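All remarks here apply to the structure that follows.
The values are calculated or read from the model by the stated rules, or taken from the named source; none is laboratory data. Please read all numbers here as calculations on a predicted model, not as lab measurements. No Cβ is skipped: glycine too gets one built from the backbone with ideal geometry, and neighbour counts run over all protein chains shown. Heads up: the accessible areas ignore ligands, DNA and RNA and are worked out on the full protein's heavy atoms, side chains in. Shrake-Rupley method; radii C 1.70, N 1.55, O 1.52, S 1.80 Å.
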Amino acid sequence: MKSHLLRLSAIATISMGAILTSFLDSTIAAGVNLIPNPQFEEAEATDPSRPAHWQAGSWGSVQATFAYPVPGVGNSSAVSVNVSSTLGDGDAKWFFEDVPVVAGQTYSYGTHYRADVGTEIDVRFLLSDGSYSYYYLTSAPVAADWSFVSSSFAVPAGAISATIFHVLSAVGTLTVDETSLEQLEAAPPPPPPPPPPPPTSTTSLIPNYDLETIDQDQPGLPASWSQGVWGNLSATFQYPIAGSGGDKATRVDIASYTSGDTKWVHPAIAITGGRTYNFSDDYRSNEASNLTLQYKLNDGTFSYAWLADLPSSDASWVKTGVYSFTAPANASEVTVFHLINNVGYLETDDYVLAEEPTVPPPPPPPNPNNLIVNGNLNTPDAVDPSLPQGWTNDQWGNLSTTFIYPVADATDGTGAARVQINSFSSGDAKWVSAPVMITPNTTYSFSDVYRSNVTTEIDVQYKLTDGTYSYSWLNAPPPANGWTSVTYAFTTPPNAVEVTIFHIISSVGWLETDDYSLTAQAAHNFSEAMVTFVFDDGWQNIYDNAAPILNAAGIKSTQAIISGSVGDNSYMTLAEIQDLESQGHEIASHTRTHAHLPQLNAAGLQSELVGSRDDLLAMGFSPVNTFVYPYGEYDNAVKQAVAQAGYLGARSVDEGYNYANSDPYALMDQHVEVGTTADQVKSYVDRAIVDKSWLILELHNVDHGGDQYSTTPEILQAIVDYVVARGIKTVTLNQGLLLMNR
């Protein structure tokens, strides 16, 4: 439902002195374990409660206990840390003393561990100016038995030493043993790129489009081209012949014909589904000929489309004119066949295939309330015009990137920004605007327009009052062939002073962005605070473990049901869901198949949105007025489809609180997951009471299984008891939506 956060950032100044002297002259061979006392076999001489060269550390609200020695892998010594309570900020960990590293080099870290909750591994770099920088490496899942986790990273410029934090930030226990940090052998430099082709007056996606280059191995063929023939016919191919301008061209003759066709064939051209392309060539023939498109589809099959019929022109060369076609959404390649399918000859030359430039729609009027400086990216930086004014580009991890500005944009043609990742092992890349001063406990709306060929991610970076940073995931927009608008809301933490929104790419591919907007939403409070319990998916343990707790307190929940999973293994049966509705719990739609909605076409959306409600109505549930987005994924098109399907509103997984004037089709919530404590949820309730806002709690499994998206019956009981004690009004999604301003 949420992907992990990208990058940690914090700055702390220290005294350098001998540290710089010792590290700058250090050279460590590749393959050597840099960690001192990596198996914890040596205790500190003056303090045997910790291993030599290691120390324990914690910060934030966590209450932590550190232990050494404890049994390790094969009963050797290990270290452990236990967190008994936390309010959701901070962590605890064992870490070794800094070791020298080389900027630009790649290192591999690995460790054996056991943990009863998910943990995280980060690297801290000491920089030559005395500050620290922090980077996320990887996450480590729950492991009842000894498991191994590893990750590699590239050292940033300016770093002289590093240590690794294997952090525990939730209530639970983590044990670590047999650690290693090694410099990897440097990869050989890539070969130099080939020289660019000589410039031509014509732009064509087809290689050797003018047929001037002869294949060195087969002089009877133009370079990159082949001959194509099928059916019952007799064909002769000739190359080179005099072309339309006295240069080289191709010819094919059919001497006898019963069926089929023949043609010269250029290599398949990579295309983008949904884009429009233009084709033309020069030809001469004594018979009618034909232009046909061969598409290669994403599933590896082929489809064909007629483009044009062309008359004979025996006397002279003629141009076909320019023919336009729009590639199917699932097409990845195209080949244009200029073919003949009768007795006669056909000569061809100068094949031009080009993407049709898009005509941008008129620009929207500027938003005077937009807090992002130069959000439309139209103004280049006066000193460095390769950057938008007020913006920078940023990357981290082990990846190769290219940043381009300006590129053709979504609205007025003036400027957008592109980032592409050419090779990737870890990290991400993005364009970054100047930080925006914000008001704590306030709801903001973010939007931009984008197009990409891979799934991307939008995250929020908060600067807090103590100078540290925290991060929140907003959503993961899917690939988009054309410019697509997305809008998401979020509520700022009580200790936040600045915010920066990152639209990031973290895999090989490209992302173009434009028209960034961030606006504060004036909150219209309800007459009183409200809380809603929403349980996603319809798991069996909700009926067994959650419903009795809610019913005993007189609380009615909203059950978001996947209509296609009713009665399946681990899901509630139809009779059980009907029993919940008879007790006053609301039944909401969660689609038929828990699909990724932004990736569906109109027919697919109709099936998941309308079809799921029809399914539930046919099962006897009524009304079905509310909707819950699978994975929390939505965009403007999905929101519009939900509204058109007749739902009153929809809940997202965007973290925050709702007000009378919030977007009913992007209701925000607070997650109750495996690491969420009852005290955290109590603070959410207290905040809603003070603000007179609507708190929606998002829950899934209620059991002791330890799944990420689960909580225990004991924690749910504590939450319910607190809700009852505080006297906050409880409503279903449907009831809350009816109280909003419309």
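Restricting attention to the stretch 212-257, the residues being touching a residue at least 40 places away in the same chain (Cβ under 8 Å) and among the acidic types (Asp, Glu) number 2. Taken together, 113, 68 contain a single residue that is within 24 Å of residue 52 (Cβ to Cβ), buried (at least 22 other Cβ atoms within 10 Å of the Cβ), among the aromatic types (Phe, Trp, Tyr) and touching a residue at least 12 places away in the same chain (Cβ under 8 Å), which is 113. Of all residues in the stretch 245-267, which are assigned to a loop (DSSP other than H, G, I, E, B) and buried (at least 17 other Cβ atoms within 10 Å of the Cβ)? Correct list: 266 only. A Cβ distance below 7 Å, combined with a sequence gap of six or more or placement on separate chains, defines the contacts here; from the stretch 75-89, residues that are in a loop (DSSP other than H, G, I, E, B) reach residues that are open to solvent by 50 Å² or more (accessible area, probe 1.4 Å) and of a type in the set (A, V, I, L, M, F, W, C) in the pairs 86/171. Please determine whether any residue of the stretch 343-354 is open to solvent by less than 20 Å² (accessible area, probe 1.4 Å) and closer than 30 Å to residue 515 by Cα. No; the residues of the stretch 343-354 include none that is open to solvent by less than 20 Å² (accessible area, probe 1.4 Å) and closer than 30 Å to residue 515 by Cα. Per the conditions (1) open to solvent by less than 30 Å² (accessible area, probe 1.4 Å); (2) touching a helix residue (DSSP H, G or I) at 6+ places or on another chain (Cβ under 8 Å), the sole criterion not satisfied by residue 673 is (2).
Of the set (1) more than 21 Å from residue 593 (Cα to Cα); (2) assigned to a loop (DSSP other than H, G, I, E, B); (3) over 24 Å from the mean Cα position of the chain (by Cα), all apply to residue 675 but (3).
Being within 30 Å of residue 454 (Cα to Cα), among the hydrophobic types (A, V, I, L, M, F, W, C) and buried (at least 17 other Cβ atoms within 10 Å of the Cβ) is a condition met by no residue of the stretch 234-244. Residues of the stretch 463-476 that are in a strand (DSSP E or B) and within 13 Å of the chain's Cα centre (by Cα): 473, 474, 475. Restricting attention to the stretch 487-503, the residues being closer than 19 Å to residue 409 by Cβ and of a type outside the set (S, T, N, Q) number 2.
Here is a yes/no grid of residues against (1) over 26 Å from residue 472 (Cα atoms); (2) open to solvent by 10 Å² or more (accessible area, probe 1.4 Å); (3) at pLDDT 95 or above; (4) assigned to a loop (DSSP other than H, G, I, E, B):
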| residue | (1), (2), (3), (4) |
| --- | --- |
| 497 | no, yes, no, no |
| 535 | no, no, yes, no |
| 551 | yes, yes, yes, no |
| 555 | yes, no, yes, yes |
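Every listed requirement among (1) surrounded by fewer than 16 Cβ atoms within 10 Å (Cβ to Cβ); (2) within 29 Å of residue 240 (Cβ to Cβ); (3) in contact with an Asp or Glu (Cβ under 7 Å, 6 or more places away or on another chain); (4) of a type in the set (Ser, Thr, Tyr) is met by residue 316 save one, (3).
Yes/no matrix, rows are residues, columns are (1) part of a strand (DSSP E or B); (2) open to solvent by 30 Å² or more (accessible area, probe 1.4 Å):
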{"site": "660", "(1), (2)": "no, no"}
{"site": "664", "(1), (2)": "no, no"}
{"site": "668", "(1), (2)": "yes, no"}
{"site": "684", "(1), (2)": "no, yes"}
{"site": "698", "(1), (2)": "yes, no"}
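In the stretch 407-428, the qualifying residues are those that are at pLDDT 90 or above, within 16 Å of residue 448 (Cβ to Cβ) and small (Gly, Ala, Ser), and the one that is nearest to the chain's Cα centre (by Cα) is 417. Being in contact with a Gly (Cβ under 8 Å, 6 or more places away or on another chain), open to solvent by 30 Å² or more (accessible area, probe 1.4 Å) and outside any loop (DSSP other than H, G, I, E, B) holds for only one residue in 150, 108, and it is 150. Regarding residue 5, is this residue modelled with pLDDT under 90, over 22 Å from residue 173 (Cβ atoms) and under 39 Å from the mean Cα position of the chain (by Cα)? Yes. Please enumerate the residues belonging to the stretch 557-571 that are assigned to a loop (DSSP other than H, G, I, E, B) and either at positive phi or in contact with a Leu (Cβ under 8 Å, 6 or more places away or on another chain) (or both). Correct list: 557, 566, 567, 570. Within the stretch 153-179, count every residue that is in a strand (DSSP E or B) and modelled with pLDDT of 85 or more. Going through the stretch 153-179 one residue at a time, the tally reaches 18. Annotation: of all residues in the stretch 477-494 being assigned to a loop (DSSP other than H, G, I, E, B) and at pLDDT 90 or above, the one that is most open to solvent (accessible area, probe 1.4 Å) is 479. Taken together, 581, 586, 608 contain a single residue that is of a type in the set (D, E, K, R), farther than 20 Å from residue 545 by Cα and either crowded, with 23+ Cβ neighbours inside 10 Å or at pLDDT 95 or above (or both), which is 608.
The requirement of being in a strand (DSSP E or B) and modelled with pLDDT of 95 or more is fulfilled somewhere in the stretch 718-739, by at least one residue. When 627, 621 are screened for being in a strand (DSSP E or B) and open to solvent by less than 50 Å² (accessible area, probe 1.4 Å), only 627 passes.
Pull up the stretch 64-74, narrow it to residues that are small (Gly, Ala, Ser) and either part of a strand (DSSP E or B) or under 36 Å from the mean Cα position of the chain (by Cα) (or both), then point me to the one that is farthest from residue 671 (Cα to Cα). So, considering only residues that are small (Gly, Ala, Ser) and either part of a strand (DSSP E or B) or under 36 Å from the mean Cα position of the chain (by Cα) (or both), the one farthest from residue 671 (Cα to Cα) is 67.
Of all residues in the stretch 202-260, those satisfying the criterion of being within 22 Å of residue 317 (Cα to Cα), under 50 Å from the mean Cα position of the chain (by Cα) and β-branched (Val, Ile, Thr) are 202, 203, 206, 213, 214, 250, 252.
Against the numbered list (1) at pLDDT below 90; (2) farther than 25 Å from residue 89 by Cα; (3) of a type outside the set (A, V, I, L, M), residue 132 comes up short only at (2). Do we have residue 529 as over 21 Å from residue 623 (Cβ atoms), more than 31 Å from the chain's Cα centre (by Cα) and crowded, with 19+ Cβ neighbours inside 10 Å here? So residue 529 passes the test. Scanning the stretch 435-462 for residues that are within 19 Å of residue 639 (Cβ to Cβ) and in a loop (DSSP other than H, G, I, E, B) yields 455, 456.
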